[in-house]
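S.K.: To start, I am sharing the structure in question, which I have written as structure tokens.
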Amino acid sequence: MPNKTTRLARKTAVRAAMLALEQAELDYAEEKHDSTAEESLLDDRENWDKDDIAMSRTAADQAMALDQPVFIHTAKIEALEEMDFALTDTVEPGAIVVVGGRNFVVAVATSQFDCDGKTYMGISEDSPIFRAMDGLKAGESFDLNGKTLKIDDVI
């Protein structure tokens, strides 16, 4: 088993990777929002036809719909920045949990990402897998979707 310094370095690197992933998602969402909002602006002409107005309104509606991803990724970044990523031996927010060789980070839901040669996935506290293993330790088992899974490690 790696020492505390190595385990803490792993958690620090994973947190940084998650923040980078969410920042990239936020940047993309903001770019899409801004470009769509820009399309909704009418030019300096005094007379617009119905098609111009309809296209402007549609683009404005699309920009409003794109607000949600911006808010979601902003909230995820804030949660990651505020979350305690200290070493732990219990499945709780901020823990890295290894189950069947798969690495989960109890923080915010993310797509899979790589960090230092390992693949991780962020899961939220609302996820079924977290609720099933909340409070458990390495070596303990839990049931999920009719299967019994064993926790290999908790960092």
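S.K.: So which residues in the range 80-94 are surrounded by fewer than 20 Cβ atoms within 10 Å (Cβ to Cβ) and closer than 14 Å to residue 127 by Cβ, if there are any at all?
M.R.: Selection gives 92, 93.
S.K.: Further question: Name the single residue that is surrounded by the most Cβ atoms within 10 Å (Cβ to Cβ) among those in the range 95-112 being touching a residue at least 40 places away in the same chain (Cβ under 8 Å) and under 13 Å from the mean Cα position of the chain (by Cα).
M.R.: So the residue we want is 105.
S.K.: Moving to a separate point now. Testing residue 58 on (1) farther than 19 Å from residue 113 by Cβ; (2) at pLDDT below 95; (3) surrounded by 15 or more Cβ atoms within 10 Å (Cβ to Cβ), one condition comes back false. Which one is that?
M.R.: Evaluating residue 58 over (1) farther than 19 Å from residue 113 by Cβ; (2) at pLDDT below 95; (3) surrounded by 15 or more Cβ atoms within 10 Å (Cβ to Cβ) leaves (3) as the failure.
S.K.: For a quick check of your reading of the model, give me the residue pairs whose first member lies in the range 132-144 and is without any contact (Cβ under 8 Å) to a residue 40 or more places away in the chain and over 9 Å from residue 154 (Cα atoms), whose second is of a type in the set (S, T, N, Q) and surrounded by fewer than 16 Cβ atoms within 10 Å (Cβ to Cβ), with beta-carbon atoms closer than 6 Å and at least 6 apart or on different chains.
M.R.: 141/148
S.K.: What strands (runs of 3 or more DSSP E) lie completely within the range 100-155 and have 1 or more residues being acidic (Asp, Glu), touching a strand residue (DSSP E or B) at 6+ places or on another chain (Cβ under 7 Å) and more than 27 Å from residue 25 (Cβ to Cβ)?
M.R.: Ranges flagged: 147-154.
The values are calculated or read from the model by the stated rules, or taken from the named source; none is laboratory data. Quick caveat, the model's predicted, so the values are computed rather than measured. Don't worry about glycine lacking a Cβ; one is built from the backbone with ideal geometry, like all the others, and counts go over all protein chains shown.
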